[in-house]
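Q: Supplied in C-alpha cells, the structure appears directly below.
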Amino acid sequence: MAQPSGAPVFPPFSVISTQFITPEPLEIIVDSYPGRNLVISDINHKIMLKVQPCDTFTHYQSVLLDVNDKPIAMLQKQLSSTHSRWNVFKGESKSDSDMIFTAKNENTIQLLTNISMMLANKMRSNDVCDLRIKGSWSKGNFTIYRGNSSSEMAQIHKPQSKKKYEAADKFTVTIQPNMDYACVVALLAIVDANEHPDDNTAMYAAVAKGSLSSAKNINDFFQV
C-alpha cells in the first residue's frame, strides 16, 4: 500500500524488536475471541501473531506469540491495580530487568480509552510518555500517538457490529512505516483486556479452581 502523499516519515521506533518494523505502511486484521484470545493476520489472512491468556493467582497475564507459538512478550497486570497498569516483559520473563514498557490507563471512568505507555528505561524520569492510545470502545476507533503529540503511529478501527456467523470481534489496524507492529498489537491486547473485565474474572476463577493451569488449554476452556 502506498504511503499517503505528505505523510510524515518517522525514524524506526523499535519497542519489542526491530524484526517487527517495516519500511512501508502495514495493514493487519485482529480477531478478538472470548477469553482474551487474539489472532493477528495480514490482509491475505496469513497469521502473523497470537495473544493468549495465562493468568496466575496474583496477576492477569497474556502472552504474545509468533506464528510458531514462540513467546515474544509477556503482558502482566496486578489484580490489585486500580489504574489498569500493565507491565510488558521480554519473552516469558517476569523479571524487572527484562521489562520492555509499562502502560497505564489515565481515565478513571471507563468511557474513553486513554492509555499512556512509557519505555522501561524511562520509568524513573519525568519525561512524557513514549506512546499514547486514545479512543472509544463503543465507537470502535482508537489512535496510537507518539507521546503527547498529534503524530499518529497507528489507527485501529472496530466495525460497529459483527455478522451472526462470526465468533470474533474484528479490528482493522493501519500502522505507519517504521512503527513496531508487535508493540501495537500488545497495546491493543491491553485495551481489549481492560474492556472485557468479565473475561478476566472468569479466567481467574478457573485458575483458582485448578481447572486452568496454563495457556495450552485456554482455548479448550473457552471453546474458541
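The values are calculated or read from the model by the stated rules, or taken from the named source; none is laboratory data. If you're wondering where the values come from, they're calculated on a predicted model, not measured in any experiment. Glycine also receives a Cβ, built like all others from the backbone with ideal geometry; neighbour counts cover every protein chain displayed. Just so you know, the surface numbers come from the protein's heavy atoms only, side chains and all, with ligands and any DNA or RNA stripped out. Shrake-Rupley method; radii C 1.70, N 1.55, O 1.52, S 1.80 Å.
Q: Express the accessible area of the stretch 53-108 per residue in Å², computed with a 1.4 Å probe while the remaining protein chains stay in the model.
A: Values: 2700 Å² over 56 residues.
That works out to 48 Å² per residue.
Q: Quick one: Cα centre-to-centre distance for the stretch 16-80 and the stretch 145-160, in angstrom?
A: Using only Cα atoms, the two centres lie 18 Å from each other.
Q: Please compare each pair in 104/139; 46/122; 50/90 to a cut-off of 25 Å on the Cα-Cα distance and tell me which ones are over it.
A: Checking Cα-Cα distances, 46/122 exceed 25 Å.
Q: While we're on this one: Near the amide H of residue 48, under 5 Å away, which other amide H atoms are found, from residues 5 or more places off or on another chain, if H is placed in the peptide plane?
A: 40, 41, 42
Q: Further, regarding this structure: For residue 92 and residue 57, what is the calculated FRET efficiency with R₀ set at 25 Å and r taken between the beta-carbons, to the nearest 0.05?
A: 0.90
Q: Compute, for residue 92, the solvent-accessible surface of its heavy atoms (probe 1.4 Å) with the complete set of protein chains present, and express it in square angstrom to the nearest 10.
A: Approximately 130 Å² of residue 92 is accessible to the 1.4 Å probe.
Q: Could you sort 137, 86 by accessible area so the largest value comes first, with the probe set to 1.4 Å?
A: Working: 137 45, 86 0 Å².
Ranked list, largest accessible area first: 137, 86.
Q: ³J(HN,Hα) across the stretch 135-151 via Karplus (A = 6.51, B = -1.76, C = 1.60, θ = phi - 60°), whole Hz, x for Gly/Pro?
A: Running phi through 6.51 cos²θ - 1.76 cosθ + 1.60 with θ = phi - 60° gives x, 10, 5, 5, 8, x, 9, 9, 9, 9, 10, 7, x, 9, 7, 9, 6 Hz.
Q: Let me ask something else about it. Could you sort 32, 95, 138 by their accessible area in this structure, using a 1.4 Å probe and putting the largest first?
A: Most to least solvent-accessible, the answer reads 138, 95, 32.
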